[in-house]
Amino acid sequence: MNNQLLLETAIKASLDAGKVISDIYHDPASDFEVEKKADNSPLTIADRKSNDMIISYLEQTPYPIISEECKNMDYAIRKEWETVWVVDPLDGTKEFIKRNGEFTVNIALVRGGHPVLGVIYIPEKRVLYYGTLEGGAYRVDDIDTKNGADFAVIENRSVKLPLERKDGKYIAVASRSHMSAETESYINTLKEQHGEVSLTSIGSSIKICLVAEGSADIYPRFAPTMEWDTAAGHAIVRAAGKEVYQVDETTPLRYNKEDLLNPWFIVKTKAD
């Protein structure tokens with residue numbers, strides 16, 4: 001399969017998974033049946049059903065899958081995977097449970113440890129972000145999932161990222177549910193460098209999308225995340241000419257590592 005078909009497959013998977021999530025989210029009889037995973041993070045039936053939908057699409061491609069909700073292969077097997085899907089079927093489960101709408105579907109394709117294709121769908125906003133290194137990064141508003149994913153229509157309505165911004169403000173974005181003391185300290189350093197810094201707090205991988213589109217300048221994350229939390233956003237940011245760096249601000253994050261836990265990172269314009 002070529003990259004165009006892989007992108008279309010990932011977009012279709014994200015939109016159908018988003019519809020499954022929305023059906024559960026808006027069901028007045030649903031209490032989300034919240035469970036606790038081994039790391040004490042929450043899990044709902046929406047996570048499981050979204051994952052099943054995405055897997056049904058991606059298993060039709062030639063590449064294996066690393067997903068938050070799947071049992072991942074031992075590294076002895078995974079290290080042989082040159083190309084792999086990295087999936088978070090419901091990023092922002094805490095926001096889903098809070099019913100604030102700040103949750104996403106994340107699908108990325110990783111080659112040689114680097115994300116090369118990414119799709120992020122925000123079901124409650126009906127906003128789609130997608131990007132490839134060769135094709136650039138895009139945003140599509142008012143997605144219609146009722147009639148299926150017509151890629152020609154999506155492509156025609158796509159707006160290339162980053163968007164132009166003229167307000168002159170320096171805007172940092174941070175996690176709504178996972179703000180750390182280290183992140184706050186870094187933001188204080190930004191204030192020393194840039195004067196006034198506007199801070200936007202929001203859930204899930206939407207934060208990375210805001211940097212990709214230019215609505216925010218930087219996203220520091222000095223708290224635990226996993227590869228599936230960042231891979232799709234990382235691909236979109238790269239496609240928009242930006243990067244996700246480790247805290248040295250020169251070394252990009254890598255994927256399909258032995259330990260799937262990310263180091264702390266900063267999303268920003270590429271270093272000179």
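Overview of results
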| read-out | value |
| --- | --- |
| Local electrostatic count at Val84 - Lys and Arg +1, Asp and Glu -1, tallied over other residues with Cβ under 11 Å | 0 |
| Average projection area in nm² (convex hull over Cα atoms of segment 189-272, one quarter of hull surface) | 5.6 |
| Accessible heavy-atom area order of Cys70, Cys209, highest first, probe of 1.4 Å | Cys70, Cys209 |
| Solvent-accessible area per residue, Å², over segment 57-117 with all protein chains present [probe radius 1.4 Å] | 42 |
| Sequence-distant residues sharing a close amide H with Gly214 (under 5 Å, placed H) | Leu163 |
| Segment 123-272 - Rg (one decimal) and Dmax (whole number), Cα, Å | 15.7, 50 |
| Ranked by how many other beta carbons lie within 10 Å on average, peptides 113-120, 258-265, 199-206, 163-170 from highest | 113-120, 199-206, 258-265, 163-170 |
| Note, ³J(HN,Hα) from phi for segment 109-124, Karplus 6.51, -1.76, 1.60, rounded to Hz, x at Gly and Pro | 10, 10, 10, x, x, 10, x, 10, 8, x, 9, 10, 10, 10, x, 6 |
| Angle in degrees between helix 3-25 and the longest Cα principal axis of the chain, rounded to the nearest 10 | 80 |
| Asn100 paired with Arg254, simple spin-label distance in nm, labels 7 Å along Cα-to-beta-carbon | 3.5 |
| Listed residue pairs exceeding 32 Å between alpha carbons, taken from Lys12/Lys270; Lys94/Lys242; Lys12/Lys98; Lys79/Lys125; Lys98/Lys268; Lys49/Lys166 | Lys79/Lys125; Lys49/Lys166 |
| FRET efficiency, 1/(1 + (r/R0)^6) with R0 45 Å, evaluated for Thr189 and Gln60 via beta carbons | 0.45 |
| Rounded accessible area of Glu196 (nearest 10 Å², 1.4 Å probe) | 150 |
| Mean accessible surface per residue for segment 153-206, computed with a 1.4 Å probe while every protein chain stays in place, in Å² | 61 |
| FRET efficiency, 1/(1 + (r/R0)^6) with R0 51 Å, evaluated for Asp142 and Glu182 via beta carbons | 0.85 |
| Computed FRET value (nearest 0.05) for Ala76 with Leu261, which takes r as the C-beta separation and R₀ as 22 Å | 0.75 |
| Rg followed by Dmax, in Å, when segment 84-147 is reduced to its Cα trace | 12.9, 38 |
| Cα-based reach from Lys257 at 15 Å (exclusive), listing aspartates and glutamates while leaving out same-chain residues under 8 positions away | Glu68, Asp74, Glu80, Glu82, Glu227, Asp229 |
| Sorted largest first, extent of segment 141-193 alpha carbons per principal axis (Å) | 48, 29, 12 |
| Linear extension gain, Asp167 paired with Gln4, 0.36 nm per residue minus alpha-carbon span | 55.1 nm |
| Percent accessible area from carbon and sulfur atoms, the chain, protein chains only, probe 1.4 Å | 47 |
| Whole-percent pair-distance distribution, where bins are 5 Å wide, for the alpha carbons of the chain | 1, 6, 13, 18, 20, 18, 13, 7, 3, 1, 0 |
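The values are calculated or read from the model by the stated rules, or taken from the named source; none is laboratory data. Since the model is a prediction, treat every value here as computed from it, not as a measurement. Cβ coordinates were reconstructed from backbone atoms using ideal geometry, including for glycine residues, and neighbour counts include every protein chain displayed. Please note that ligands, DNA and RNA were not included when accessible areas were found on the heavy atoms of the full protein model with its side chains. Shrake-Rupley method; radii C 1.70, N 1.55, O 1.52, S 1.80 Å.
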